Amino acid sequence: MKKVFVDGHEGTTGLQIIEKLQARKDLELLEIEPQFRKDAARKAELLNSADVAFLCLPDDAAKESAALVTNPNTVVIDTSTAHRTNDAWAYGLPELSPQHREKIKNSKRIANPGCHATGFLLAVYPLVAKGIIKASDNLSCYSLTGYSGGGKKLIAEYQENFKNIKFNSESVLASKPYALGLHHKHLPEMQKISGLAKPPLFNPILGPYYQGMAVTIGLFGVSGLREFFADYYRDCQYVSVALENPDKLDPTICNGTNNAKIFVFAREEHAQITVVLDNLGKGASGAALQNMDIAVP
């Protein structure tokens, strides 16, 4: 029976991981006593007692906890952005290629991808890897996500506002673009893992709903993308390609699952790829458990 420890279980991802772990009978969940939550010695003891340790912490705290792990057999899965562009850590998106999956399988250090990055990379990585687009191409991406991706403070703000909705331009019902300084914490991994020479122009948008996301990239001068993606992901359990397009796209269709669904919209020389996933599932806790099961079967 695998022993699992979650370091930092007060945030959304940590709570979701614990909920999923508690539903399984093949795991023993190690828990830190409330009085020792800030005790480095006790935390180190639990980290090194675990077969798998999930880090659900801010970046600096995640680095500190990772440094406490001295047991060579403990697999560390970090859900923060701290190690996603670190070559010493496996990037935890196994569907990208057999090489990615093999590195996860053989690694003791795994960086869980960001939710926006997951959607972007499922679309762009194969296109660059197979030469359908150039690494030097300029790409633009927008991503509509539920407000749960903003963390506890933003979740509380939205839920409080829902109690007193005002139907005007300041309403919580409005979708809200953010990261308007054209920088977002997922951009470094989006560029590095995709193989692009420069980061995409990225616009994330908070929607007035709890979870689910749709990540969209526009392309020019390409065709046959639906068939290409269907072939590329044909053996992947959690990634599928829509054979028909809806009139309206629902970003919540993958909620509660570890699935991602790719839609290809095309007309003449224009193509739009949209990847739908649960930002709390394939974009966070679901991917973390998938990586655990690959690394410690």
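Provide, in order from the shortest bin, the percent of all Cα-Cα pairs of the chain in each 5 Å bin, continuing until the bin that contains the maximum pair distance.
Percent of pairs per bin, in order: 1, 5, 12, 16, 18, 16, 13, 9, 6, 3, 1, 0, 0.
List the lysines whose Cα lies under 17 Å from the Cα of K43, skipping any in the same chain that are fewer than 8 positions away.
Filter leaves K3, K63.
Expressed as an acute angle from 0 to 90° and rounded to the nearest 10, what is the orientation of the C-alpha long axis of helix 115-129 relative to the principal long axis of the chain?
The angle comes out at about 60 degrees.
Find the centroid of the Cα atoms in the range 192-240 and in the range 247-297, then give the distance between the two in whole Å.
9
Show S223, S80 ordered by accessible area, largest first, where the area counts protein heavy atoms only and the probe is 1.4 Å.
I get S223, S80, largest accessible area first.
Which value, in Å² and to the nearest 10, is the accessible area of M1 when all protein chains are kept and the probe is 1.4 Å?
150
Enumerate by residue number the trypsin sites (Lys or Arg not before Pro) in the range 201-297 meeting two conditions: DSSP loop (anything except H, G, I, E, B), and at most 13 other Cβ atoms within 10 Å of the site's Cβ.
Passing both the DSSP loop test and the Cβ count: R234, K248.
Only helical DSSP H runs with n ≥ 4 go in: add -39500 (n - 2.57) per run for the chain, normalise by residue count and round the 222 nm mean residue ellipticity to 500 deg cm²/dmol.
So the calculated ellipticity at 222 nm is -9000 deg cm²/dmol.
Taking Cα centroids, how far is the range 102-162 from the range 57-97 in Å?
The range 102-162 and the range 57-97 have Cα centres spaced 16 Å from each other.
What part of the accessible area of the range 173-222, given as a whole %, is carbon or sulfur when the probe is 1.4 angstrom?
65
Would you mind classifying the range 191-283 by shape? Square roots of the alpha carbon gyration tensor eigenvalues, ordered a ≥ b ≥ c; an a/c under 1.5 is rounded, otherwise it is prolate if a/b is larger than b/c and oblate if not.
Since a/c stays below 1.5, the shape of the range 191-283 is classed as rounded.
Once a ≥ b ≥ c are taken as the square roots of the eigenvalues of the Cα gyration tensor of the range 1-112, is the result rounded (a/c under 1.5), prolate (a/b larger than b/c) or oblate (a/b not larger than b/c)?
prolate
Over the range 127-275, what number does the Rg to Rh ratio reach, with both radii from the alpha-carbon atoms and Rh per Kirkwood?
Over the Cα atoms of the range 127-275, Rg/Rh equals 0.99.
Can you list the trypsin sites (Lys or Arg not before Pro) in the range 37-146 that are in a DSSP coil and have 13 or fewer other beta carbons within 10 angstrom?
R37, K38, K130, K134
For the chain, with every protein chain kept in place, what is the accessible area per residue (1.4 Å probe, Å²)?
Heavy-atom accessible area per residue stands at 49 Å².
Rounded, prolate or oblate: which fits the range 16-65 when a ≥ b ≥ c are the square roots of the eigenvalues of the alpha-carbon gyration tensor, with rounded for a/c under 1.5 and prolate only if a/b beats b/c?
Prolate is the answer for the range 16-65, as a/c is 1.5 or above and a/b outweighs b/c.
The values are calculated or read from the model by the stated rules, or taken from the named source; none is laboratory data. Keep in mind that this is a model prediction, so the values were computed, not measured. Virtual Cβ from ideal backbone geometry, glycine too; neighbours counted across all protein chains shown. All accessible areas refer to the heavy atoms of the entire protein, side chains included, with ligands and DNA or RNA removed. Shrake-Rupley method; radii C 1.70, N 1.55, O 1.52, S 1.80 Å.
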